[in-house]
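This report concerns only the one structure given below.
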Amino acid sequence: MSVSKVPWVIKYRPRKLSEFVNQDEAVEKIKAWIKEWLSGRPEKKAALFYGPPGSGKTSIVEALCREYGFQLVEMNASDYRREQDIERVARLASVQRGLFASRRIILLDEIDGLALAGGADAGAIEAIVELIETTKNPVIMTANNPWDLAFRPLRDLSVMIEFKRLSKSNVLEVLRRICVAEKLACDEKALDFIAEKSEGDLRSAINDLEAVAEGGGKVTEEIAKQLLRARDRILEPFEVVRKIFWSKYVWQAKLNATQTDLDPDTLMEWINENLPRQISDPEDLWRAYEALAKADVYRGRIVRSGSWDLLTYVTELMTAGVALAPKNDPKSKFRWVKYQFPEKIRLMSQTKEARALRDSIAGIIGARIHASKAKVLKDVLPYIKVIFENNVEEAAKIAISLNLTDPMIKYLSQDKADKIIARVKELRKAIRAEARKSESGREDVQKAGRKSEESGRAQQAKSGLDSFVKKTRS
Amino acid sequence: MSEEEASKVLAELLWTEKYRPKTLDEVVNQEEVVIRLKQFIKEKNTPHLLFAGPPGTGKTTVAHAFAHDLYGSDYRLYLLELNASDERGIDVIRTKVKEFARTKTPGNVPFKLILLDESDNMTADAQQALRRLMEMYVAATRFILIANYPSKIIEPIQSRCAVFRFVPLSREDVVGRLSWICGKEGVKCNQDALNTIYDLSEGDMRKAINILQTAAALGEVSVSNVYKVVGLAHPKEIKEMIKTALSGDFIKARNILRSLMITYGLSGIDIIKQIHREITSSDIDLPEEVKVELADYVGEIQFRLVEGADEEIQLDALLAKLAVIGKKVVGVAPRRVGK
């Protein structure tokens, strides 16, 4: 990739704190906080930068490092899903000083992704708290919405620094500057359209401008509208969901559902995810879910019977059925709420590894006891887990008999995995030793029938093992 | 001795497998089924078979015992075991059946057996394809189909099979067997505990033996250990989810539901059955007439779970209903659901 192909959002990132548009207040607060650090005694060791997307939270951290000579240690949301990850990377970085750079700044970007009640990330918040308490370097977190209940411990430990939503004229100002720098003839109306559409998200505005300039060769209103509208239809499920919820007529709701490239299954996930965010009255919400659930029944019938002509009922129920559900509080559906990417889809990809491990254990057991994985998961695994959490000896024997790997044992027992693994090693060694003994003894009676010999060997090994177990247990 | 051999030595550690009857004579209940099957063995001929009945009543066990009695101890050479829930589609099944049909038949019986477990989980289309398979290879193979719900097997297949209905096991059968296992294992167990296991396992022998083994692993088979095992094995999240939904916090309840389905891997049917159990229990504080109203809706949702495509959405509807009921009954304004 040539240098000129650096995305504009990176190319035109502000280098200095003074270059940030409309965030003077935030900049002042940040400077004051950093000075506390430099003088040795910060009142709070972490800062939480919050505000709408594209308002400059991450960029300002980079500029800060440059101006004050900090080395930046960055962790993106996807890097610290699990608490071990935070402990490993961030704590290491926060305690040890950089070899050459005098100080480091630890950046935990986009912590929104951790807002999960009781989910896989529950330990992550605790790990961050511990990180803040032990750090010798400034810790900065960024978030769109820091008010989630789960973030309370983080808020208590942090200087809260708000980033304002940029105004349309702020965005326009930057767009014009880029046009000049790129020597682009930019139609003012086109810039206006892009700025308007961005809703204060400078990053998306710059991306749009670049897309129009590159796709159309020049920046005119016509090209901007054509390109960005077409792109919207593909890229913005948020808009489709909003339009569906806001529909007043059946035809309207159905039409809106056609303005997406999402397949019906994914669209249903989007609707499901955001329905309870949009509709607050319990009865209205239930009516909407009744419609969605019935849509799903038709979907099931399609899957099973292959009658695709039923699809129209799926669409009608999941769009119009949902849109017309609010009766107690009919206006609620017009409230503006922030929508979310379907959590379920995210969870599915996030838990892929653990689920694969779980399923392979279920597969092993299922093959042994003639049952499907689903049956094992429901009827057998919960009991095996209880054994693994409570009886090391029994667990070790089961682990050997099923040939479970160490990660599998760890999956089955949170507390006793290490003990079980150690015991498995001991037992395996004993089994091998017994087998060797019986092998050497066997040489003398070599002419014996092969079959009885084999079973004899197994018998011997087993009784040897039993006596070993008894010995080591007492 | 390799690890593989070592594991053979320790092979039978899961009691459900260790104490599974190996021959038809060892099957203590289901006399009617056993008598008819023995007739087939005597004739060395059998039609296709459909074993139907609730879980843990011995369908798979009887199928294996039947094959054992028919072919002898190396019966596994002549038995192809498939599970409709685990095989990826009818094409995989077709390929395996085709290969299996090609292998040689035992000397004294002119056909081999194909055991297809959980066959009621197959779609109607897949069942049609299965029907053709059954006809195509009937010269060299016989099918044993196993199902919880025979009504979910399409008519053309049912009419080609001899249907065997497995009845739920009686208290005497289950307690007797458990007691026998305790003796074999040298485990102390009292009669009350075994009766409790029967109550909790609802005639499902597999479940009963699992509870027994786990309770034994906790030290002894006592009533308190039995309850402890069942409590530990059943996620408490179900109750928490119900209470959260009743309190009006739909989104949080849904998060719990997702963790049950995705992290624990529970199926929608498993979850709804447990919801039903919780709702009718005394732990959930609802007026009796509301419990009846709810039972109706829970049943409706269970029915839709079978019909629908996305189990979570069906259960979401139930959670939303709980929020409505919570508001009505408690009379307290629920927490705002949205933000």
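The values are calculated or read from the model by the stated rules, or taken from the named source; none is laboratory data. In this text the structure is predicted, and so the values were computed from the model without any measurement. So basically every Cβ, Gly included, is an ideal-geometry build from the backbone, and we count neighbours across all protein chains shown. All accessible areas refer to the heavy atoms of the entire protein, side chains included, with ligands and DNA or RNA removed. Shrake-Rupley method; radii C 1.70, N 1.55, O 1.52, S 1.80 Å.
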Looking at this model, which pairs from A:LYS197/A:LYS243; A:LYS294/A:LYS331; A:LYS168/A:LYS333; B:LYS243/B:LYS273; A:LYS410/B:LYS228; B:LYS243/B:LYS291 are more than 18 angstrom apart at the alpha-carbon? A:LYS294/A:LYS331; A:LYS168/A:LYS333; A:LYS410/B:LYS228
Quick calc, B:SER179 & B:THR95: beta-carbon distance into FRET formula, R0 30 Å, rounding 0.05, result 0.10
So which lysines pass the test for A:LYS44, namely a Cα distance under 27 Å, with those fewer than 8 places away in the same chain ruled out? A:LYS16, A:LYS29, A:LYS31, A:LYS35, A:LYS57, A:LYS136, A:LYS164
Number of Lys-Lys pairs in the range B:31-165 under 21 Å by Cα, sequence gap 8 or more or different chains? 13
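Counting only other chains, what is the mean number of Cβ atoms within 10 angstrom of the Cβ of each residue in peptide A:271-281? Let's see the in-between values first.
On the way: counts 1, 5, 2, 1, 6, 12, 5, 2, 4, 8, 7.
Across A:271-281, the average partner-chain Cβ count within 10 Å equals 5.
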Pop out a list of residues from the range B:289-316 that are at least 40 Å² less accessible with all the protein chains around than in their chain alone; 1.4 Å probe, no ligands or nucleic acids counted. B:ARG304, B:GLU307, B:ALA309, B:ASP310, B:ILE313
Got a sec? Which residues of the range A:349-374 lose 30 Å² or more of accessible surface with every protein chain in place, vs. that chain alone, 1.4 Å probe? A:ARG358, A:ARG368, A:ILE369, A:HIS370, A:SER372, A:LYS373
For the range A:237-349, what does the accessible surface come to per residue with a 1.4 Å probe? Please give it in Å². 44
Estimated inter-spin distance, A:TRP336 and A:LEU311, nm [label 7 Å along Cα→Cβ]: 3.5
Positive-end residue, the protein assembly as shown charge dipole about Cα centroid, Cβ charges, pick of B:MET261, B:TYR75, B:PHE143: B:TYR75
Given contacts defined as C-alpha pairs under 8 Å and at least six residues apart, what's the relative contact order of the range A:168-227, whole-number percent? 39
Determine the shielding of peptide A:335-342 by partner chains: average, over its residues, the number of Cβ atoms on other chains within 10 angstrom of each Cβ. 1
Sorted by number, the cysteines in the protein assembly as shown with no other cysteine beta-carbon under 4.7 Å are A:CYS65, B:CYS161
Rg over Rh, two decimals, the protein assembly as shown (C-alpha only, Kirkwood Rh): 1.03
Quick check on the protein assembly as shown: of the DSSP beta bridges with both residues there, what percent are antiparallel, nearest 5%? 0
Hey, got the average number of other protein chain Cβ atoms within 10 angstrom for residues in B:263-270? 5
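Going by average Cβ neighbours within 10 Å, how do the peptides A:142-154, B:304-316, B:180-192 rank, with the highest at the top? Don't skip to the end; give the middle numbers.
On the way: A:142-154: 17.0, B:304-316: 22.5, B:180-192: 13.9.
Going from most to least packed, we get B:304-316, A:142-154, B:180-192.
What is the gain in length, in nm to one decimal, between A:LYS183 and A:GLU126 on full extension, counting 0.36 nm per residue of separation less the C-alpha to C-alpha distance? Write down the numbers at each step before the final one.
Numbers: separation 57, 0.36 × 57 = 20.52 nm, distance 5.00 nm.
In short, 15.5 nm is gained.
Over both sides of the A-B contact, add up the buried accessible area with a 1.4 Å probe and give it to the nearest 100 Å². Mind showing how you got there, number by number?
Details: alone 26780 and 18130 Å², together 38350 Å².
For chain A against chain B, roughly 6600 Å² becomes buried.
Just to confirm, what accessible area per residue do you get for the range A:5-50 at 1.4 Å probe, in whole Å²?
On the way: 2680 Å² over 46 residues.
The answer is 58 Å² per residue.
For A:ASP329 and B:MET136, FRET efficiency with R0 = 56 Å and r from the beta-carbon atoms, rounded to 0.05? Kindly include the intermediate steps, with their values, before the conclusion.
On the way: r = 60 Å, r/R0 = 1.07.
Calculated transfer efficiency: 0.40.
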Cross-link reach list, aspartates and glutamates versus A:LYS385, counting only Cα pairs under 19 Å and skipping chain neighbours closer than eight places: A:GLU353, A:ASP359, A:GLU393, A:GLU394, A:ASP406, A:ASP415, A:ASP418, B:GLU12, B:GLU17, B:GLU220, B:GLU237, B:ASP270
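Just to be sure I understand: of the beta bridges DSSP finds with both ends in chain B, what percent are antiparallel, rounded to 5?
Roughly 0 percent of the DSSP beta bridges within chain B come out antiparallel.
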List, largest first, the extents of the alpha carbons of chain B along their principal axes, each in whole Å. 75, 51, 44
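Taking loop as defined by DSSP and a crowding limit of 12 other beta carbons within 10 Å, which chymotrypsin sites (Phe, Trp or Tyr not before Pro) in the range A:159-263 fit? Show your work: numbers first, answer last.
On the way: sites: A:PHE163, A:PHE193, A:PHE238, A:PHE245, A:TRP246, A:TYR249, A:TRP251; in loops: A:PHE163, A:TYR249.
Here the sparse-neighbourhood loop sites are A:TYR249.
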Toward the positive end of the charge dipole of the protein assembly as shown, about the Cα centre and with charges on Cβ (Lys, Arg +1; Asp, Glu -1), which of A:ALA430, A:TRP270, B:SER222 goes farthest? A:ALA430
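How many percent of the accessible area of the protein assembly as shown is carbon or sulfur, using a 1.4 Å probe? Each step should come with its number before you reach the end.
On the way: 20080 of 38350 Å².
Roughly 52 percent, rounded to a whole number.
So if we plug the beta-carbon distance of B:HIS276 and B:VAL329 into 1/(1 + (r/R0)^6) with R0 = 25 Å, what FRET efficiency do we get, rounded to 0.05? All intermediate terms of the calculation are to be shown ahead of the outcome.
Numbers: r = 18 Å, r/R0 = 0.72.
The pair B:HIS276/B:VAL329 has a calculated efficiency of 0.90.
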With the other protein chains left in place, how much accessible area per residue, in square angstrom, belongs to the range B:235-337 at a 1.4 angstrom probe? 41
Per the Kirkwood formula on distinct C-alpha pairs, the Rh of the range A:237-349 is how many angstrom? 14.0
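Rounded to the nearest 500, what is chain B's calculated 222 nm mean residue ellipticity when only DSSP H runs of at least 4 contribute -39500 (n - 2.57) each, over all residues?
-17500 deg cm²/dmol
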